[in-house]
Structures are given as C-alpha cells and as structure tokens.
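K.L.:
My questions all concern the structure below.
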Amino acid sequence: MTDTILANATLVLPHEVRQGALVLRDGRIAEILDGTAIPAGAVDCQGDLVMPGLIELHTDNLERHIQPRPGVDWPHQAAIIAHDAELSSVGITTVFDALRVGSVVNSTTNYGEYARALAHEILDLRAKDALRISHFLHLRAEICSETLVAELAKFGDKDHIGIVSLMDHTPGQRQFRDVSKLKDYICGKHGLNDRGFLDHIASQQAMRARVGDLHEATAVAETRRFGAVLASHDDTTAEQVAVSAAHGAHFAEFPTTVEAARACHTHGIKVMMGAPNLIRGGSHSGNVAAKDLAEMDLLDIVSSDYVPAALLTAALFLGDLWGDVARGISTVTAAPAAATGLTDRGHLTLGARADVIRVTRIGQASALRGTWVRGQRVA
C-alpha cells in the first residue's frame with residue numbers, strides 16, 4: 001500500500017504537542033517525524049492539529065436517524081449508514097452505539113423492544129465492511145422495565161458488545177431526583193395530565209420494587225458473559241457509587257453531583273460527562289455542571305451524548321481550560337480507549353492503529369479537514 005504522510009502538522013501526542021509528520025502505512029502509524037518538512041507526495045497540513053480519531057462511548061445519535069420525527073420509522077440500513085457517515089464527518093472513528101434493552105408494555109408510556117433486531121442490522125453492515133468507522137455495541141440495561149432479562153438473553157459474546165450500562169430511571173432518584181423535571185419531560189412527550197403523571201410515578205416505583213434487584217444482578221452477570229465493560233449511570237450519592245464499585249464498574253456515565261464524582265475517583269472509577277453540558281455551561285436536567293468537575297480535576301472522559309459534533313469542541317474547550325491541549329484531547333481519545341480495553345487506538349504512537357483526524361482551529365470553534373480510518377481517508 002502507498003504511504004500516507006501528514007506533514008507540517010501540529011501533532012497531538014500522548015503528553016505533548018509538537019510540529020512534525022505522521023507516516024501511515026498498512027493501517028498503522030509507521031513513523032513519527034519532527035519538524036515542518038513536507039516530503040514529496042505528502043499532505044501539507046499547514047500547521048493544523050493532527051490527533052487520534054475520537055472515541056465515542058455513549059451516543060443516542062442513531063435513534064435520531066431511525067426516528068427523525070415522532071412516529072416516523074426510517075429504513076434502518078439507510079439510517080445506520082447515515083449515522084456512520086455523520087460521525088466520520090466530525091472526527092469520530094470508533095463508536096459504541098447505545099441501544100436500550102428492557103421495555104415497558106403495560107403502561108401509558110409504553111416503549112417496545114428493538115435492540116436485538118437493530119444490533120443484527122449494525123453487525124451485518126459491519127461484517128460487509130459497509131461502514132466507514134468502527135462500531136461496537138453499548139447495551140443500556142433499563143433496570144426499571146418489564147423485559148430486561150429476556151432481552152439480554154438474546155445477546156451473546158459474539159455480538160461485539162463493548163459496554164453494558166446500568167440505567168435506572170425510577171422517578172425520585174438519580175437523574176430524576178427532581179420529579180418536577182421528569183414531569184416536564186413525561187407530560188410533554190406523552191400528553192399526560194396530573195393524574196396520569198402520578199399514576200406513572202406509582203407504577204414505575206412499584207416496578208422497581210418488584211424486579212429492580214433481579215434486573216440489576218442479571219445485567220451485571222450478563223456483562224461478564226459478554227466479556228464487556230460495565231458502566232454505572234447517573235450516580236448521585238456516595239452510597240450509589242459504592243454499589244457501582246462492588247459491581248465492578250469501570251467508568252461512571254454522567255454522575256449528577258460532585259459527591260458522586262468524588263466517590264468515583266475514590267473507588268478508581270473514571271468519570272464521564274456530556275459534551276453538551278460542558279459547552280452549554282450546565283446540565284439541561286439541573287445536575288452538576290461538567291465544567292465544575294473539570295475545574296476540580298474530577299473529569300476523565302467526555303461523550304457527545306446527543307450532539308456528535310460537540311465531542312471535538314468539548315475536548316478543545318478542556319484543552320484551553322486546563323492549558324494543556326494534549327490532556328483535553330485525551331478525554332475523547334486515550335481515556336475512552338483505556339476504559340473499554342481498546343489498546344490499539346486513541347494515541348499517536350508507533351504501531352497504533354492509524355485512526356487519525358486533521359483539524360483547523362477557528363477561534364473557539366474548529367473545522368475537520370480529514371478523517372483517516374486504518375490509514376484510509378473516509379471523510
């Protein structure tokens with residue numbers, strides 16, 4: 001294969017930023033050169049940042065493509081391919097597609113099973129090499145549901161499941177500790193009146209009391225069967241974090257308080273926060289601000305959550321906040337790679353997988369100039 005040389009670049013290396021060039025060969029980083037020389041046939045990056053491809057651990061973006069409007073079910077293959085193309089266009093080269101497992105079929109807020117069928121479609125396109133970037137599965141195990149055990153049983157260790165997260169949306173705790181925030185969301189989405197909302201809370205709390213412990217234990221056991229990494233979600237108290245640690249959680253998605261974030265670090269659990277929270281300056285749910293955790297050195301990993309383009313912006317924002325571009329970029333490259341056991345990517349080092357992006361900074365914004373996956377340009 002012909003070498004790809006990205007020259008006259010500002011290389012974001014694991015612990016420093018310096019001028020140089022990358023040589024991509026046979027899908028790997030073959031050479032890292034110093035200086036601003038531009039060899040014959042090289043791409044002149046004109047001083048742009050060249051960094052590892054971004055790694056996304058938790059995104060709802062595929063759901064937006066599958067249901068672009070309420071009640072619209074878009075053809076799934078087309079949706080997956082469009083989702084994949086969008087991620088490559090914003091510098092994401094590895095994604096863990098988040099799929100909900102656990103449904104509710106006997107409530108005014110019914111939501112049905114979809115994860116197993118959609119996973120088949122993602123894995124089929126992956127096997128056919130129809131996707132630009134690397135796709136793994138992230139199963140969001142809904143503890144407060146009716147069908148979690150049966151749905152998890154349909155998956156196995158050949159399904160490329162990288163993450164299982166414990167999602168407990170029981171009203172009155174975690175993300176929905178402030179029930180008024182839940183009321184705005186549920187009533188707006190399902191058109192419930194006050195009586196209907198109170199009935200919803202009662203039914204959800206009763207369901208959690210009836211099956212919650214079984215579902216939590218099953219999800220933890222199934223994570224081990226899959227060979228996946230376990231993540232907690234919306235931990236709020238030190239006690240909840242202690243439970244997550246006992247389960248073996250590797251990282252915590254979106255802890256809602258400083259108390260929980262501090263407890264995570266005490267237990268050796270990495271803290272992941274959402275890029276939209278960081279960029280907007282606060283949580284839309286009224287929980288702790290990601291920027292506050294960053295200033296307390298309690299932020300390790302960033303996820304785009306519901307805005308794919310926010311991932312790169314947030315990493316550069318953190319680089320400016322900390323006065324350390326390499327550290328900021330590591331929250332979306334090396335740190336998520338380490339949290340999920342992907343040792344072959346997330347860093348510009350000799351022999352690493354050649355997932356690389358080129359970025360121009362424009363004031364507080366940035367523009368992607370190229371995405372390479374295994375040394376081949378995909379965007």
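K.L.:
Return yes when ARG195 is assigned to a helix (DSSP H, G or I), open to solvent by 70 Å² or more (accessible area, probe 1.4 Å) and at pLDDT 95 or above and no when it is not.
P.N.:
no
K.L.:
Further, regarding this structure: Sort out which residues of the range 284-310 are open to solvent by 10 Å² or more (accessible area, probe 1.4 Å), among the small types (Gly, Ala, Ser), modelled with pLDDT of 95 or more and more than 24 Å from SER89 (Cβ to Cβ), and write them in order of number.
P.N.:
ALA289
K.L.:
Here's a check for you: in the range 21-65, which residue that is closer than 30 Å to SER232 by Cα and open to solvent by 20 Å² or more (accessible area, probe 1.4 Å) is modelled with the highest pLDDT?
P.N.:
HIS65
K.L.:
Right, VAL23: of a type in the set (A, V, I, L, M) and touching a residue at least 24 places away in the same chain (Cβ under 8 Å) or not?
P.N.:
no
K.L.:
Mind checking whether some residue in the range 329-343 is open to solvent by 60 Å² or more (accessible area, probe 1.4 Å) and closer than 22 Å to GLU259 by Cα?
P.N.:
So far as the range 329-343 goes, no, none of its residues is open to solvent by 60 Å² or more (accessible area, probe 1.4 Å) and closer than 22 Å to GLU259 by Cα.
K.L.:
Take the residues in the range 292-311 that are touching a Pro at 6+ places or on another chain (Cβ under 7 Å) and not in a helix (DSSP H, G or I), then tell me which one is nearest to VAL17 (Cα to Cα).
P.N.:
Residue satisfying both the conditions and the ranking: ILE301.
K.L.:
Can you confirm whether VAL43 is β-branched (Val, Ile, Thr) and touching a residue at least 60 places away in the same chain (Cβ under 8 Å)?
P.N.:
In short, yes.
K.L.:
Looking at the range 54-150, what helices (runs of 4 or more DSSP H) fall wholly within it and have at least 3 residues that are among the aliphatic types (A, V, I, L, M)?
P.N.:
Fully inside the range 54-150 and qualifying: 76-89, 115-127.
K.L.:
Within the range 72-126, restricting attention to residues that are of a type in the set (Phe, Trp, Tyr) and in contact with a Pro (Cβ under 9 Å, 6 or more places away or on another chain), which residue is least open to solvent (accessible area, probe 1.4 Å)?
P.N.:
Per the criteria, the residue is PHE96.
K.L.:
On to the next question. So how many residues does the range 339-379 have that are outside any loop (DSSP other than H, G, I, E, B), of a type in the set (A, V, I, L, M, F, W, C) and in contact (Cβ under 8 Å) with a residue 12 or more places away in the chain?
P.N.:
So the count comes out to 8.
K.L.:
Next up: Look through the range 127-141, keep the residues that are touching a residue at least 60 places away in the same chain (Cβ under 8 Å) and in contact with a helix residue (DSSP H, G or I) (Cβ under 8 Å, 6 or more places away or on another chain), and return whichever of them is surrounded by the most Cβ atoms within 10 Å (Cβ to Cβ).
P.N.:
Ranking the qualifying residues of the range 127-141, first place goes to LEU139.
K.L.:
How do the pairs read when you match residues in the range 102-123 that are at pLDDT below 95 with residues anywhere that are of a type in the set (S, T, N, Q) and part of a helix (DSSP H, G or I), using Cβ under 7 Å and keeping only pairs 6 or more apart or on different chains?
P.N.:
Listed pairs, sorted by first residue: SER107/SER203.
K.L.:
Using the structure shown, decide if LEU316 is more than 24 Å from HIS65 (Cβ to Cβ), surrounded by fewer than 17 Cβ atoms within 10 Å (Cβ to Cβ), touching a strand residue (DSSP E or B) at 6+ places or on another chain (Cβ under 9 Å) and not polar (S, T, N, Q).
P.N.:
Criteria not met by LEU316.
K.L.:
Need the failing condition index for ALA314 against (1) of a type outside the set (Ser, Thr, Tyr); (2) within 23 Å of ARG369 (Cα to Cα); (3) assigned to a loop (DSSP other than H, G, I, E, B), just the number.
P.N.:
(3)
K.L.:
If I ask for residues that are out of contact with any helix residue (DSSP H, G or I) (no Cβ under 7 Å at 6 or more places or on another chain), crowded, with 17+ Cβ neighbours inside 10 Å and closer than 23 Å to ALA221 by Cα, which ones from the range 241-267 would you list?
P.N.:
SER244, ALA245, ALA249, GLU253, PHE254
The values are calculated or read from the model by the stated rules, or taken from the named source; none is laboratory data. Fair warning: this is a prediction, and the values are worked out from it, not measured in the lab. Cβ sites come from the backbone with ideal geometry, for glycine too, and all protein chains shown count toward neighbours. Only protein heavy atoms, including side chains, enter the accessible area calculation; ligands, DNA and RNA are left aside. Shrake-Rupley method; radii C 1.70, N 1.55, O 1.52, S 1.80 Å.
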